[in-house]
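The values are calculated or read from the model by the stated rules, or taken from the named source; none is laboratory data. Just so it is clear, the structure is predicted and the values come from calculations on it, not from any experiment. Cβ coordinates were reconstructed from backbone atoms using ideal geometry, including for glycine residues, and neighbour counts include every protein chain displayed.
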Amino acid sequence: MDYYLQILLIVGIFITLTLSLNLINGFCGQFSLGHAGFWGVGAYASALYTVFYALPVHSSINMIIAMMVGFLASAVCGILIGVPCLRLKGDYLAIATLGFGEIIRIIITMTEKVGGPRGFINIPHWANIYWVYFIALLVTIFMLNLKRSAFGRAIISIREDEIAAENMGVNLFRYKLFSFTIGAGIAGIAGALFAHTQQFLHPSNFNFMWSVCILVMVILGGQGSVTGSVVGAVVLTIIPEALRFAGGNISAWRMTIFPVLLIALMLARPQGIFGPHEFSWKKRRIST
Amino acid sequence: MTIPLLILENVTMKFGGLTAVNDVSLQVNQHDLVAIIGPNGAGKTTLFNTITGIYVPTSGSVEFNHKKLTNIKSSDITERGIARTFQNIRLFKDLSVLDNIKLAKHTRIHYGFWAGIFRTKKFHQEEQKIEAECLKLLSLFKLEDKKDFLARNLAYGQQRKLEMARALATAPKLLLLDEPAAGMNPTETKELTELIHLIRDQFNIAVILIEHDMKLVMEIAEKIFVLDYGQLIASGTPKEIQNNKRVIEAYLGVEIEASL
């Protein structure tokens with residue numbers, strides 16, 4: 001049972017993470033490759049709080065505080081990296097954020113107080129599957145409502161055409177920085193949940209590979225689609241695990257089969273499973 | 001009524017060694033319908049870009065509604081009441097026609113971020129109001145039945161119209177149209193002529209257009225400014241411009257005495 005619970009936990013955390021990157025990458029169109037860095041900052045900052053500075057209150061309240069610490073720490077990093085980097089575009093922004101993600105990881109590795117390269121141990125088990133899915137649900141609702149508000153429209157307009165967006169009165173820098181900061185902050189919350197369900201953190205949890213992995217979930221689900229992000233996170237976490245049980249050669253080759261499936265899916269639907277749209281029971285009109 | 005709305009004083013725009021706009025001074029009054037013409041590369045679009053804050057003029061000043069526009073962000077200039085369309089259409093192609101217009105209402109929306117997240121009563125009221133306004137605007141441009149289409153799926157002429165509608169949705173006092181008739185057939189151009197008149201009168205705004213279609217310009221503009229190599233070489237009524245020697249020279253070249 002533990003194995004399945006663990007997978008469910010990871011799925012829930014990745015839903016939150018994918019949604020947070022979708023805000024930066026899918027909504028605002030800013031190509032960020034350092035998202036695992038924000039995730040790591042949130043995880044370590046919240047664990048730092050609970051291990052060393054926890055208040056003498058009930059663990060649930062402490063968990064809420066830990067998530068706020070994770071959010072704030074990552075959001076501050078988002079501002080620090082966003083202010084200089086968001087002037088860059090496309091590939092250049094990707095490289096700058098990639099560099100940031102690695103810097104974070106190395107700083108964590110060098111910090112003795114959080115265990116350095118040995119990892120951070122003895123983190124209290126204050127979060128569980130209910131926490132994880134409650135937060136995932138909240139973030140999903142937040143994103144859906146944001147998308148349908150004037151604020152979200154302004155962010156999406158930046159992705160569509162920066163010059164035209166500015167011409168409609170959208171302050172580009174303000175909205176880019178907003179999505180970057182909130183996206184980073186939500187990744188920080190996911191980090192806090194990760195830390196307090198796993199009870200152990202290691203710098204290698206937050207390396208470049210994971211940034212790419214979250215990005216693939218966003219793209220596969222459909223950039224700009226909230227429901228797509230949820231599906232992307234679920235599918236991409238479960239497929240590699242499900243292949244373990246396929247038996248025989250398939251299990252042995254699962255990490256080869258998995259990328260092939262990804263390639264096939266991207267060829268079939270280059271815009272992602274949902275494209276920019278949301279999942280809906282109502283039939284969409286052909287014209288749109 | 002001649003209340004000055006836009007005043008350009010000695011505006012110069014240099015890109016390195018190239019002077020795209022050279023010492024241009026002009027005035028546009030409220031409710032004016034003026035045209036800027038000139039050969040290709042005369043600096044017409046650059047002039048638009050300096051007015052809308054995309055470029056900061058090298059020297060000189062732009063004054064709009066009695067306030068200087070120097071060092072003001074492009075997005076804030078929109079809020080103050082200048083809207084424009086682009087020479088190469090810049091719609092939000094993957095959004096619906098209605099969303100394109102709604103976006104233009106950005107600076108006129110009066111609910112906060114959290115009202116949108118919690119979908120409060122105020123949010124619903126404002127959104128309904130905006131949607132009604134947008135639909136009204138779309139029907140004026142005869143695009144209401146296309147409201148759910150993606151902007152990219154509209155016909156070319158409709159895209160141009162949508163861009164104008166979107167510019168108008170920002171509730172401007174001055175509308176800048178950059179070659180609105182480019183690529184349109186004669187019927188569409190005729191329709192456009194009527195539309196521009198209608199816009200000016202119904203919304204009670206001033207319009208400046210850049211246009212190469214001389215028939216349209218002469219028919220529509222009350223006043224014409226002629227640019228050549230970045231300089232303002234003439235201004236006046238269509239009639240005056242048609243007979244202006246310098247304008248003819250700029251378009252057709254200088255007559256050389258037939259000595260050969």
Checklist entry - If you scan region B:144-201, which residues turn out to be under 19 Å from B:M218 (Cβ atoms), surrounded by 16 or more Cβ atoms within 10 Å (Cβ to Cβ) and among the basic types (K, R)? => result B:R200
Checklist entry - For region A:198-288, list the helices (runs of 4 or more DSSP H) that sit wholly inside it and hold at least 3 residues that are under 18 Å from the mean Cα position of the chain (by Cα); which are they? => result A:208-221, A:226-242
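Listed residues A:L193, A:L177; which is under 22 Å from B:H106 (Cα atoms), in a helix (DSSP H, G or I), more than 9 Å from chain B (Cβ to nearest Cβ) and at pLDDT 95 or above?
Details: A:L193 fails: under 22 Å from B:H106 (Cα atoms).
Criteria check complete, one pass: A:L177.
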Checklist entry - What is the number of the single condition among (1) buried (at least 18 other Cβ atoms within 10 Å of the Cβ); (2) out of contact with any helix residue (DSSP H, G or I) (no Cβ under 6 Å at 6 or more places or on another chain) that A:N25 does not meet? => result (2)
Checklist entry - Got a number for residues in region A:140-157 being within 14 Å of A:I24 (Cα to Cα), more than 7 Å from every other protein chain (Cβ to nearest Cβ) and basic (K, R)? => result 1
Item to check | Residue in region B:107-136 that is farthest from the other protein chains (Cβ to nearest Cβ), counting only those that are at pLDDT below 90 and part of a helix (DSSP H, G or I) | outcome: B:R108
Item to check | Top-ranked residue in region B:77-90 [being under 23 Å from B:K129 (Cα atoms) and either charged (D, E, K, R) or in contact with an Asp or Glu (Cβ under 6 Å, 6 or more places away or on another chain) (or both); ranked as nearest to the other protein chains (Cβ to nearest Cβ)] | outcome: B:E79
Item to check | Every residue from region B:155-173 that is within 12 Å of chain A (Cβ to nearest Cβ) and either charged (D, E, K, R) or closer than 17 Å to B:T187 by Cβ (or both) | outcome: B:E163, B:R166
Checklist entry - Out of region B:188-211, which residues are in contact with a Gly (Cβ under 9 Å, 6 or more places away or on another chain) and not in a strand (DSSP E or B)? => result B:E188, B:E191, B:L192, B:I205
Next on the checklist: If the requirement is being among the β-branched types (V, I, T), in contact with a strand residue (DSSP E or B) (Cβ under 7 Å, 6 or more places away or on another chain) and outside any helix (DSSP H, G or I), which of these qualifies: B:V217, B:V226?
Outcome noted: B:V226
